[in-house]
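Participant: Have a look at this one before I ask anything.
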Amino acid sequence: MESQFGGKVVLIAGGTGGLGRVTALSFLRESATVVVTYRDQREFAALKDQAAEFSSSLEGHRVDATNEDEVGQMVRMILSAHSRLDILVNAIGGYAGGSPLWLTSPEVFDRMLALNLRAGFVLSRAVVPVMLKQGSGSIVNVSSKAALDHAAGAAAYAASKAASLAMTDCLAADLKGTGVRVNSILPSIIDTEANRQAMPDADFSKWPKPEQIANVILFLCGDGAALIHGAAMPVYGQS
């Protein structure tokens, strides 16, 4: 039986990161054509190797997702090659923390806003008109538990994620009744190699696995989630 994602074109921004990579592989296994953005050519090459027999359905673009011209050009290339764009997963993000607000530099604050907020804004502006023309589409934004749980030492990060969640909620309201669905997920600390290296003394067993979160993303993008629009879904279990 053909997968519900067969013939679908999926754009995963940040598709070579810890969560983005696993999500890309999951969509590929479900017969989708997957386009990822990346910044490091070596990471894309590694993803291509992991994709194995599905690698012919994987494409990559080295793009700064905060740059409107670069993102617009990429979307035009996707449409030229495939004539459609069905799903956007925004897995771009970054973390900086550990200092109280008054010791947080403006440079750190601006970087958090760029990665966690502006990238989603630029991507949505480029992709939504395409989906509206099609009359269908699904967008999943990777926000964070920190959008709701505002801890000490994380002012810039939490503020950027809270703003991202609010922006995504507004986009969902804008798109009500159009056939384009928009949802957010709220992970806690994801069990990735980068996070293990950053927190070597943590209990990794309590962290959600990228594969578990990717399953939720695929669900939200699929037919079974047709009634889910404007949701902010926690994906951190009982930890």
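Participant: Would region 78-86 turn up any residue that is part of a loop (DSSP other than H, G, I, E, B), at pLDDT 95 or above and in contact with a Cys (Cβ under 9 Å, 6 or more places away or on another chain)?
Facilitator: Within region 78-86 (the criterion being part of a loop (DSSP other than H, G, I, E, B), at pLDDT 95 or above and in contact with a Cys (Cβ under 9 Å, 6 or more places away or on another chain)), the answer is yes, since at least one residue qualifies.
Participant: From 173, 151, which residue is outside any helix (DSSP H, G or I) and either surrounded by fewer than 14 Cβ atoms within 10 Å (Cβ to Cβ) or touching a Cys at 6+ places or on another chain (Cβ under 7 Å) (or both)?
Facilitator: Answer to the selection: 151.
Participant: Can you tell me which residue in region 72-89 is farthest from residue 10 (Cα to Cα), limited to those that are within 11 Å of the chain's Cα centre (by Cα) and β-branched (Val, Ile, Thr)?
Facilitator: Residue satisfying both the conditions and the ranking: 89.
Participant: Let me ask something else. Kindly list the number of the only condition in (1) in contact with a helix residue (DSSP H, G or I) (Cβ under 7 Å, 6 or more places away or on another chain); (2) at negative phi that fails for residue 230.
Facilitator: (2)
Participant: Something else now. Quickly run through region 90-110 and pick out the residues that are assigned to a helix (DSSP H, G or I), under 24 Å from the mean Cα position of the chain (by Cα) and of a type outside the set (Val, Ile, Thr).
Facilitator: Passing the criteria: 107, 109, 110.
Participant: Right, next: Return the only residue of 217, 185, 213 being touching a residue at least 24 places away in the same chain (Cβ under 8 Å), among the β-branched types (Val, Ile, Thr) and not in a helix (DSSP H, G or I).
Facilitator: 185
Participant: Next question. Among the residues of region 189-239, count how many are among the acidic types (Asp, Glu) and surrounded by 11 or more Cβ atoms within 10 Å (Cβ to Cβ).
Facilitator: Summing the residues that are among the acidic types (Asp, Glu) and surrounded by 11 or more Cβ atoms within 10 Å (Cβ to Cβ) in region 189-239 gives 2.
Participant: Still on this structure: Of these, 83, 3, 31, 56, which one is of a type in the set (Gly, Ala, Ser) and surrounded by 15 or more Cβ atoms within 10 Å (Cβ to Cβ)?
Facilitator: 31
Participant: Residue check: is residue 45 more than 24 Å from residue 187 (Cα to Cα) and at pLDDT below 95?
Facilitator: When the stated conditions are applied, residue 45 does not pass them.
Participant: Just one of (1) in contact (Cβ under 8 Å) with a residue 40 or more places away in the chain; (2) in a loop (DSSP other than H, G, I, E, B) trips up residue 118, so point out which.
Facilitator: Residue 118 satisfies every listed condition except (2).
The values are calculated or read from the model by the stated rules, or taken from the named source; none is laboratory data. In this text, all values refer to a predicted model and were calculated from it rather than measured experimentally. Every residue, glycine among them, receives a Cβ derived from its backbone with ideal geometry; neighbour counts consider all protein chains shown.
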